[in-house]
1. Summarise the accessible area of the chain (1.4 Å probe, protein heavy atoms) by the percent that is carbon and sulfur.
2. Shape of the stretch 1-64 from its Cα gyration tensor (a ≥ b ≥ c, root eigenvalues): rounded if a/c is under 1.5, otherwise prolate when a/b > b/c, or oblate?
3. How big is the Cα convex hull of the stretch 120-215 in projection, averaged over all directions, in nm²?
4. I want the antiparallel fraction of DSSP beta bridges within the chain, as a percent rounded to 5.
5. Less than 20 Å from a label point 7 Å out along the Cα-to-Cβ axis of residue 210: which backbone N atoms in the stretch 94-126 qualify, by residue?
6. Going through the cross-link list 10/184; 52/272; 272/323; 120/272; 52/319; 120/319, which pairs have a Cα-Cα distance over 30 Å in this structure?
7. For the chain, what is the accessible area per residue in Å², given a 1.4 Å probe and the full set of protein chains?
8. Please report, largest first and rounded to whole Å, the three semi-axes of the ellipsoid equivalent to the chain, where each semi-axis is the square root of five times an eigenvalue of the C-alpha gyration tensor.
Amino acid sequence: MSIAVSENPKLLSLTDRGLYCEVGDFYVDPWRSVENAVITHAHSDHARWGMKRYLCSQEGEGVLRRRLALDSDISSFAYGERLNINGVHVSLHPAGHILGSAQVRIELDGEVAVVSGDYKTAPDTTCSAFEPVRCHTFVTECTFGLPIYRWEPDASIFASINDWWRENQARGRCSILMGYALGKSQRALSGLDPSIGPILAHGAVHAMNEAYRDAGISLPVTRRLGELPTGFDFAQALVLAPPSVQGSTWLRRFGEVSTAFMSGWMAVRGAKRRRAMDRGFVLSDHVDWPSLLGAIESTGAERIWATHGYTNILVRHLKEQGKWAEVLSTEWEGEQDASEPGAADQEDQA
Ligand SMILES: [Zn+2]
Ligand SMILES: [Zn+2]
């Protein structure tokens, strides 16, 4: 069974393995094992194990290698570089979601389809900025595709995080800042003020910090927990950790703590309480509602497919505007709702 996604079904179709370009014989972020996989970004729902060959952006190769295996068959290409695969023109364009995230542009006989993967348009010093790409068919995520989702500017979110850290210091508590290890943690780190105190990193976060630094992204200095001397005073420190540490014995070493979680879901009342956090910071690596509509508009696409998130609401809204829009069922996931038990433990779905 396959569904034509682009007008020419040989350009892009949906199969049980993923989005498929028949002429080029490759898939985009497939969820079953295939020969050729073009990967939008290294989050685990998009970059899965078991593909014979991977193709990704140059910016994202380091993180993808760390996520898969160092010896995986990965070819990488600069943003904007045009590849000819069996007569299909393929290029990758920045998606602004995490380091190396790409939209995949596929062109055949003058028809263009773009698969966005996950994206955001807000500025972020830890990855290349989202680039609008003109196309006929646009496959968009809509994790936060509801009018209630509108993000504050990063500067004000980072200021709140730094204030929270100072308050905790004044009370002699260690600050535990939780977020996904890949992407979210590095973006938060870029906004932390290292003059406040030491910034420490859980091993999972540390590994990704190193991948970012290797790719040339400058981040404030962090120390790995394992390398600290005995008797270290945690009361002044901020610790970056994945959400899975919440409620675990791992937290005991820090003495008195204040815990916080960073997620777009923190915009919803009650999400913080259900997750049993002291604080919630609304920081998402996905577009909010106005940016989602703006990004779709900037593609000029005549066919819009909505995947993962509030797909029905977005599709209804676009249809009301007189646009062609449909839901596309994929196995990709958005940022997990932290209020669902266990959901946020999948630490890499930013
Ligand atoms: Zn993602
Ligand atoms: Zn996703």
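1. So the carbon and sulfur contribution to the accessible surface is 48 percent.
2. The shape class here is prolate.
3. Answer in nm², one decimal: 8.4.
4. Taking every DSSP beta bridge with both residues in the chain, the antiparallel ones total about 35 percent.
5. 99-100
6. Violating the 30 Å limit, Cα to Cα: 10/184; 52/272; 272/323; 52/319.
7. Value returned for the chain: 40 Å² of accessible area per residue.
8. Equivalent ellipsoid semi-axes, largest first: 37, 22, 16 Å.
The values are calculated or read from the model by the stated rules, or taken from the named source; none is laboratory data. Here the structure is a predicted model, which means the values were calculated and not measured. Positions of Cβ are backbone-derived with ideal geometry, glycine not excepted, and every protein chain shown enters the neighbour counts. Side chains are part of the model used for accessible areas, which takes the heavy atoms of the whole protein and leaves out ligands, DNA and RNA. Shrake-Rupley method; radii C 1.70, N 1.55, O 1.52, S 1.80 Å.
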